[in-house]
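Structure, as structure tokens:
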Amino acid sequence: MSLALLLPLGLIALAGLIVPLLIHLVRQSDHPLIDFPALRWLRESERPRRRLRFEDRWLLLVRLLLVALAAVLLAQPILKGSWRAPRHLIAVVPGVDLDAAHRRIAAAPAEWHWLASGFPAIDEAPPAGAPSLSSLLRELDAELADADALSVVVPDEMHGLDAQRIRLGRAIEWIVVPSPVQEESPRTPVEYTLALRHQTPDDAGLRVIRAALASRDATDAVRWNIDDQAASAALPLQTDTVIWLGSPMPDAVRNRVGEGGRVLLVDDNAAAGAVLWRDEQGVVLASEEILGNGQLIHLRGPLTAESMPATLDADFPERLQALLQPRLPPPARAHAEVVQPRLATEALPRFAQSTDLIAWLGLLIGFLFLIERVLATRRPET
């Protein structure tokens, strides 16, 4: 451990040490001179020089200590480093079977806590809500001292993950406790709204897109609510994706892209932007262009077998849906064995282990002040 000051400029108050010195110099007692008649017959001699001396030295010392401690208090002293012995902390993800966790961990002295906000003790109820386990693990690793050991008890399927791989500044014990087998409920398809706009009803590309959308099975994870109308029809306010057949694209549709919408435009400019799809010969079939806050998808047209043979492929409906579907957030759950934290190779930010000394200094200053008052009131009067 080492002593550090959060506000070193507070030591400027040490200049106040001169105040008690001046007080004791000004208030030092002088012996009174008493004149009597016989003094006139004595020859006047030189007065002895007055030497600098301090009276009540113990009182002066206490006052100097008070001023010095007050200056150190203003500098906000702390003790850097951990003064306690290393400990073993076991963090348990809420929902894990505690009996199974105790059977998996050897009976050794350890502190059991929930891996939840505030890291409450295991005998307390964990806070409600779905916490971000990845963020909590990083926070707990940063708060612990370097010498502390950490064990994490997790279910076989973890929720509350983010897109980054968990990297910690210490090697931890990763204990996976199997969860009770539960019957899986049928998955509810995710519904999206699709606006299909076309210039002419006999467009060959229109027939291809309609057939591709109709070929989707009812058990698929994605379900499209299609608004199929002519180009003159207004776009619905709540639309996830727009398919526009024909050119030019009107300003209203382009503005929808800039506001964060997703538009698939069937045109000949498939090479604009980032490439999303190539055929076996390397020809660009689809690309993505970022306009404002949205995405403009260019699909090579016309959608006929002669100009785009990929429309005859069996996976064309899946390819088309991948272009239409909005970007999904990264998965928030995974198997515990896959997301086991790794030891970071670079230095990670950590919370500094320190002990605040302000409270102790305050008590010491109060005690010295009482002593100063006792010494000041008991001074012998001259």
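When the charge dipole of the range 190-313 is built from unit charges on Cβ atoms (+1 for Lys and Arg, -1 for Asp and Glu) and taken about the Cα centre, the candidate among LEU303, GLY273, GLN229 whose Cα reaches farthest toward its positive end is GLN229. For ALA322 and TRP174, a Förster radius of 41 Å and the Cβ-Cβ distance give a FRET efficiency of 0.75, rounded to the nearest 0.05. Please label the shape of the range 190-313 as rounded, prolate or oblate, based on the square roots a ≥ b ≥ c of the eigenvalues of the alpha-carbon gyration tensor (a/c under 1.5 means rounded; beyond that, a/b larger than b/c means prolate, else oblate). Rounded is the answer for the range 190-313, as its axis ratio a/c remains below 1.5. For the pair LEU237 and ALA359, the difference between a 0.36 nm per residue extended length and the Cα-Cα distance amounts to 37.8 nm.
Each Lys and Arg adds +1 at its Cβ and each Asp and Glu adds -1 at its Cβ; summed about the Cα centre, the range 190-313 shows a dipole of about 180 debye. Ranking LEU264, VAL208, LEU312 by Cα position along the charge dipole of the range 190-313, where only Lys, Arg, Asp and Glu carry charges on their C-beta atoms, puts LEU264 farthest toward the positive end. Within the range 190-313, DSSP assigns beta bridges of which about 30% are antiparallel (rounded to the nearest 5). For THR239, the shell of other residues with beta-carbons less than 10 Å away shows a net charge of 0, using +1 for Lys and Arg and -1 for Asp and Glu.
Read-outs: derived from the displayed coordinates by stated rules, not from any lab. None of these values were measured; they are calculated from a predicted model. FYI the Cβ positions are ideal-geometry reconstructions off the backbone, even for glycines, and counts take in every protein chain you see.
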